[in-house]
Amino acid sequence: MPRKKKERAELSASEIQEQLAQMEADKKALETALKKKRAAELSGFVKEIRDQIIERGYEVDQVISALSKGRRKASSGRQSRNYARYVDPENPDRGYTRGPLPKWLHEMMTTSGFDPADKAQREEFKETHLQKVA
């Protein structure tokens, strides 16, 4: 073991870079091989399941439908609401749906002469200065 450490210490920077590049290439090749192997295994697994479904006398679509029904989200007891989403027209990455005002929106309102604490002024600002998106 001590000898390997000494050999590594004697490598030049370019040799180390070459080894690192080779390791990266090996890593990519292994990742590609893994993806191919997993895809092949999945394909075989799907075929096994299809064969079992047909052997038992069911239609594949029936089983898929039955499986899909069980994966639905449980309802929380109240209907979901669709809240309006507003974005800054100058920077669409900044958006607001509901809840506490983000700092950027608070600053925009204050700069424009609106009071962020007043609900009516917040609504007016959203309608006049922000862009409503679906």
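In square nanometres, what is the average projected area of the Cα convex hull of the stretch 13-69?
5.4
Using a cut-off of 14 Å between beta-carbons, work out the net charge of the residues near Ile49 (Lys and Arg +1, Asp and Glu -1, Ile49 not included).
After counting each charged neighbour, the total is -3.
Whole-Hz ³J(HN,Hα) for each residue in the stretch 92-97, computed from phi via Karplus 6.51 cos²θ - 1.76 cosθ + 1.60 with θ = phi - 60°, x for glycine and proline: what do you get?
x, 6, 9, x, 9, 10
Checking the table Lys69/Lys132; Lys47/Lys69; Lys37/Lys69 against a 25 Å threshold on Cα-Cα, which pairs fail?
In this structure, Lys69/Lys132; Lys37/Lys69 exceed 25 Å between Cα atoms.
None of the figures in this text is laboratory data; all of them are computed from the coordinates on show. None of the values given here were measured: they were computed from a predicted structure. Positions of Cβ are generated from backbone atoms using ideal geometry, with glycine treated the same way; all protein chains shown enter the neighbour counts.
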